[in-house]
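> One structure, as structure tokens, below. Some questions next.
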Amino acid sequence: MPELKRLQVGHAPAVLAFELANRSYFADSVSDRGDAFFAQFTERYHALLAEQEAGICAFHVLVAEDGSVLGRFNLVDIEDHTAQLGYRVAQHVTGRGVATATVRELCPLAAVEYGLRTLRAATADQNVASRKVLTKAGFVPVGPADPSHLGGKSGTWYQRDLVLQPNSAVVPVDRLR
């Protein structure tokens, strides 16, 4: 059974393999990372880990039993109990509910582990699958996203309140302290 894990140094080879194997698939719905991303992968990866250590971001990977990465689920720009959610899953697991289930799993984790109260996610209007994931995971559309945030594509911001979500396992943040 796949397991959601916080990103660690040892995940680097599997993350790189995941990004390379799915590069053209991802480019169909989000901006391509570009050749520089892959050429400077090690440096960028360590920079991500430093951001995570500083509490600016929290990066997660969905790891299969064989150690391969099935998806990446990131909480970025953590500030004032709010973060932006970004995610991508391998092409061979799309359409199976993997992204939806993992986003649902990440929401209570974000509240309990990181003290977040709100998650926001932007998705391009053409990315129907991502819009469905967000909606099924309890996010609601809250307004247009700036195309510069989505590689020039028009899109929508979605938001989920983690504290007031009915029927969830989220513990109110003030009870955690």
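> Could you list all residues from region 15-53 that are under 16 Å from the mean Cα position of the chain (by Cα) and of a type in the set (Lys, Arg)?
Passing the criteria: only Arg33.
> Is there any pair with a first residue in region 119-137 that is surrounded by 19 or more Cβ atoms within 10 Å (Cβ to Cβ) and a second that is aromatic (Phe, Trp, Tyr) whose Cβ atoms are under 6 Å apart and which are 6 or more apart or on different chains, and what are they?
That search, which allows pairs on different chains as well, returns Ala121/Tyr158; Ala122/Trp157; Leu134/Tyr158.
> While we're here: Mind listing whichever residues of region 80-94 are more than 11 Å from the chain's Cα centre (by Cα) and touching a residue at least 12 places away in the same chain (Cβ under 8 Å)?
Once the filter is applied, which keeps residues that are more than 11 Å from the chain's Cα centre (by Cα) and touching a residue at least 12 places away in the same chain (Cβ under 8 Å), region 80-94 yields His81, Thr82, Ala90, Gln91, Val93, Thr94.
> Related question: Being out of contact with any Cys (no Cβ under 9 Å at 6 or more places or on another chain) and surrounded by 11 or more Cβ atoms within 10 Å (Cβ to Cβ) is the filter here, so list the residues in region 35-49 that pass it.
We begin by selecting, within region 35-49, every residue out of contact with any Cys (no Cβ under 9 Å at 6 or more places or on another chain); these are 35-47, 49.
Across region 35-49, the qualifying residues are Phe37, Phe38, Gln40, Phe41, Arg44, Tyr45, His46, Ala47, Leu49.
> On to the next question. Scan region 65-106 for residues that are part of a helix (DSSP H, G or I) and under 16 Å from Ala137 (Cα atoms) and report the count.
In the first step, residues of region 65-106 are kept if they are part of a helix (DSSP H, G or I); the result is 91-93, 98-106.
If we keep only those that are under 16 Å from Ala137 (Cα atoms) as well, we get 98-106.
Number of matching residues: 9.
> Given the condition exposed (fewer than 15 other Cβ atoms within 10 Å of the Cβ), within 16 Å of Pro2 (Cα to Cα) and either within 16 Å of the chain's Cα centre (by Cα) or without any contact (Cβ under 8 Å) to a residue 12 or more places away in the chain (or both), answer yes or no: does some residue in region 59-77 qualify?
yes
> Could you list all residues from region 9-53 that are hydroxyl-bearing (Ser, Thr, Tyr) and in a helix (DSSP H, G or I)?
Of all residues in region 9-53, those hydroxyl-bearing (Ser, Thr, Tyr) come to 24-25, 29, 31, 42, 45.
The answer is Ser24, Tyr25, Thr42, Tyr45.
> Find the residue count for region 68-96, including only residues that are among the small types (Gly, Ala, Ser) and within 19 Å of Tyr158 (Cα to Cα). It would help to see each step written out before you state the result.
As a first pass, look at region 68-96 and keep what is among the small types (Gly, Ala, Ser): 68, 71, 83, 86, 90, 95.
Filter once more, keeping what is within 19 Å of Tyr158 (Cα to Cα): 83, 86.
Residues that pass the stated criteria total 2.
Just so you know, all these numbers are worked out from the coordinates, no wet-lab data involved. These figures come from a predicted structure and were not determined experimentally. Backbone-built Cβ (ideal geometry, glycine too); neighbour counts: all protein chains shown.
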